[in-house]
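Structure record follows, encoded as structure tokens.
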Amino acid sequence: VQLQASGGGLVQPGGSLRLSCAASGSIFSINGMGWYRQAPGKQRELVAIIFTGGRTNYADSVKGRFTISRDNAKNTVYLQMNNLKSEDTAVYYCNLVQRGAGFWGQGTQVTVSS
């Protein structure tokens with residue numbers, strides 16, 4: 001399984017970005033897809049996850065600002081990030097879980113700064 005993430009960049013506080021992650025390869029039974037992030041000097045943390053069937057979970061810090069969605073036909077997950085704050089600055093990683101096995105994409109940098 002390969003995951004290709006895109007959409008990161010530099011944005012001012014209060015701005016928006018949309019991350020995308022497309023999965024390819026041996027995909028046959030996805031349990032969930034999600035986004036994690038890792039800021040300098042901090043541990044990687046869950047941002048949002050969407051399970052097969054549509055149930056979602058969000059980190060408290062992003063609830064009401066971020067929205068995760070998934071296009072099952074394209075095996076692609078999106079993260080719409082609104083009202084970005086400086087503390088959202090991090091490398092964002094896409095994750096896919098399939099039959100108990102986890103896969104990671106390359107990170108995409110999100111920098112929120114004026």
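Quick note: the coordinates plus some simple rules give every number you see, no bench work behind them. All of these numbers come straight from a predicted model, not from anything done at the bench. No Cβ is skipped: glycine too gets one built from the backbone with ideal geometry, and neighbour counts run over all protein chains shown.
A few points about this structure:
- Length added when fully stretched, K85-N72, from 0.36 nm per residue minus Cα-Cα: 1.7 nm
- Given in Å, the Rg to one decimal and the Dmax to the nearest whole number for the Cα atoms of region 1-51 are 13.4, 39.
- For q = 0.18 Å⁻¹, Debye-computed log10 I/I(0) when each Cα of the chain counts as one equal scatterer: -0.84
- Spatially proximal lysines relative to K85 (Cα-Cα < 21 Å; intrachain offsets below 8 disregarded): K42, K63
- In nm, spacing of pseudo-spin labels at D60 and E45 (7 Å Cα→C-beta vector): 1.0 nm
- Inter-probe distance in nm under a simple model that places probes 7 Å from Cα toward Cβ, at S16 and N31: 3.3 nm
- Relative contact order [Cα under 8 Å, 6+ residues apart], the chain, whole percent: 38 percent
- Only the Cβ atoms of Lys and Arg (+1) and of Asp and Glu (-1) were treated as charged; on that basis the dipole of the chain about its Cα centre amounts to roughly 140 debye.
- Here region 63-114 is assigned +1 on the Cβ of each Lys and Arg and -1 on the Cβ of each Asp and Glu. Its dipole about the Cα centre then comes out at about 180 debye.
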